[in-house]
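**Student:** Below you'll find the structure I mean.
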Amino acid sequence: MKFKRIFIIVADSMGIGNAPDAHLYTDKGANTFGHIADQFSDFKVSNLASLGIGNICQNKTVKSVQNPKAVIARLEEQSVGKDTLTGHFEIMGLKVTEPYPSFTDTGFPDELIKKLEDFSSRKVIGNKSASGTEILVELGEEQLKTGALIVYTSADSVLQIAANEEIIPLEELYSICEYARRITIENKEWQVGRIIARPFVGKTKETFKRTANRHDYALKPFAKTALDFLQDAGFDTLAVGKIYDIFDGQGISKTTRSKSNYEGMKITINHLNDDFTGICFTNLVDFDALYGHRRDSLGYKKAIEEFDMQLGEFMEKMNDDDLLIVTADHGNDPIHHGTDHTRELVPMLCYHKSIVGKDLGTLKSFACIAQTICENFDTEKPTLGESFLKEL
């Protein structure tokens, strides 16, 4: 069966169990969805359950079903790393073979920091690996008093710059981040995957709160992705949430930003009313940013339940020639150690209104999604992954 529209929804960080090579990332035993389901006996996700998520992620609460409504599989990442950029690049057909540099243990080089200070005429404070909320408690009041830039990183390949919106206007913060992107592209040793503007508000450490005005400056994909192949062939490529930022706009014909998972799903549901031929690619970042990194398993649980309700609304409104693919880009197990991503298998739940559900087992690349999309629209295909279109 061929589809007019394919909707890909990335539940950012909703892994379903450690990948075979998780021990290389100190992530043996991680299981984002499974551990949340194990922890909460009142976990209610009727739509995900009916699609078959319990079949591919065994746990104590969300049971497997005899006849899943979806074609389901576990996807195993072939790229190195466990970050957003790498996961999304592979979903769209690229294999990242060299990890993007990280500065978790050392902080950023003095030369890089000096360039940021010279360009911005502001002092840099921080320059270490930290949680985004913890760094505000530690340095937010100093930033308010001095007008400095809070620069920090994580286990991911990121350079993050936090500033209070009343002290450093958004336009200035974005300009500094754009400069940081330029100089880190010019020097390969500094070439982190993303520069992230992290504006916040509040007057004291008790009231500091990051705002929805975050902006990511990612490296462009190093080769054409499924987005490019579809766009080159004249198909629509719609993006919701931070997809545009992740791909630096490459291969995307229309984008709509979102301020929350809920809004991202509302936008995606509204796209069902639009007459287009191609794909709608959505990222729901709250799972990762608000709950995984903060090790808030209750918040993560509630976010999945909210998503599940909206997923039901989406499925009800789908046309007969629409295809839905729910997946993830990595894990972020709130019960695992640390505050960073986890190397996990991710779910693949494919649904359309006349589908016959089945379990495809474990597929050997996230790029199987890209292959399937490109085969559906008869475009050029990536070299990674295998299409499962015939199974739908």
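The values are calculated or read from the model by the stated rules, or taken from the named source; none is laboratory data. Because the structure is a prediction, the values reported are computed rather than measured. Here Cβ is always computed from backbone atoms with ideal geometry, including for glycine, and neighbour counts include all displayed protein chains. To get the accessible areas, we keep the full protein, side chains included, count just its heavy atoms, and leave off ligands, DNA and RNA. Shrake-Rupley method; radii C 1.70, N 1.55, O 1.52, S 1.80 Å.
**Student:** May I ask you to derive the relative contact order of the range 1-117, considering only C-alpha pairs under 8 Å and at least 6 residues apart, and to give it as an integer percent?
**Tutor:** RCO, the range 1-117: 15 percent.
**Student:** Counting other Cβ atoms within 10 Å, keep those with at most 16, restrict to DSSP loop, and tell me which trypsin sites (Lys or Arg not before Pro) in the range 243-288 are left.
**Tutor:** 259
**Student:** Using the Cα centre of the range 65-162 as origin and beta-carbon charges of +1 (Lys, Arg) and -1 (Asp, Glu), tell me which of 72, 116, 84 is placed farthest towards the positive end of the dipole.
**Tutor:** Selected residue: 72.
**Student:** Explain nothing, just the number: dipole magnitude of the range 299-392 about its Cα centre with +1 on each Lys and Arg Cβ and -1 on each Asp and Glu Cβ, in debye rounded to the nearest 20.
**Tutor:** About 240 debye.
**Student:** Relative contact order for the chain: what percent, with Cα pairs under 8 Å and sequence separation of 6 or more?
**Tutor:** 30 percent.
**Student:** At 222 nm, what helix-only mean residue ellipticity would the chain give, in deg cm²/dmol to the nearest 500, using -39500 (n - 2.57) for each DSSP H run of four or more?
**Tutor:** Using -39500 (n - 2.57) per qualifying helix, the result is -9000 deg cm²/dmol.
**Student:** Classify the range 167-311 as rounded, prolate or oblate from the Cα gyration tensor: take a ≥ b ≥ c as the square roots of its eigenvalues, call it rounded if a/c is under 1.5, otherwise prolate when a/b beats b/c and oblate if not.
**Tutor:** oblate
**Student:** How about the range 251-349: which GluC sites (Glu not before Pro) there lie in a loop by DSSP and see at most 11 other Cβ atoms within 10 Å?
**Tutor:** none
**Student:** Output the Kirkwood hydrodynamic radius of the range 124-212, Cα pairs only, in Å rounded to one decimal.
**Tutor:** 13.1 Å
**Student:** Using a 1.4 Å probe on the protein heavy atoms, what percent of the accessible area of the chain belongs to carbon and sulfur?
**Tutor:** C and S fraction of accessible area: 47 percent.
**Student:** Further, regarding this structure: Rg and Dmax in Å for the chain, alpha carbons only: what are they?
**Tutor:** 20.4, 63
**Student:** So if R0 is 22 Å, what FRET efficiency would residue 117 and residue 188 give, r being the distance between their Cβ atoms, rounded to the nearest 0.05?
**Tutor:** 0.50
**Student:** Now, a different point. How would the range 4-159 be classified by its alpha-carbon gyration tensor: rounded, prolate or oblate, with rounded meaning a/c under 1.5 and the a/b versus b/c comparison settling the rest?
**Tutor:** prolate
**Student:** When ligands, DNA and RNA are left out and all protein chains stay put, how many square angstrom of accessible area per residue does the chain have with a 1.4 Å probe?
**Tutor:** On a per-residue basis, the chain sits at 39 Å².
**Student:** What residues of the range 318-347 lie in the reach of a label at residue 46, counting those whose backbone N is under 19 Å from a point 7 Å from the Cα along Cα→Cβ?
**Tutor:** 318
**Student:** In the range 336-377, how does Rg compare with the Kirkwood Rh, expressed as the Rg/Rh ratio over alpha carbon atoms?
**Tutor:** That ratio is 1.09, to two decimals.
**Student:** Among 213-226, 96-109, 58-71, what's the highest-first ranking by average C-beta atoms within 10 angstrom per residue?
**Tutor:** Those peptides, ordered most packed to least, come out 213-226, 58-71, 96-109.
**Student:** So, in Å, what gap is there between the alpha-carbon centers of the range 1-54 and the range 133-180?
**Tutor:** Result: 32 Å between the Cα centres.
**Student:** Please quote Rg/Rh for the range 249-392 to two decimal places, taking the Kirkwood radius as Rh and restricting both calculations to Cα atoms.
**Tutor:** So for the range 249-392, dividing Rg by the Kirkwood Rh gives 0.96.
**Student:** Once you've got the Cα coordinates, tell me which of 317/390; 209/301; 44/301; 123/145 are over 18 Å apart.
**Tutor:** 317/390; 209/301
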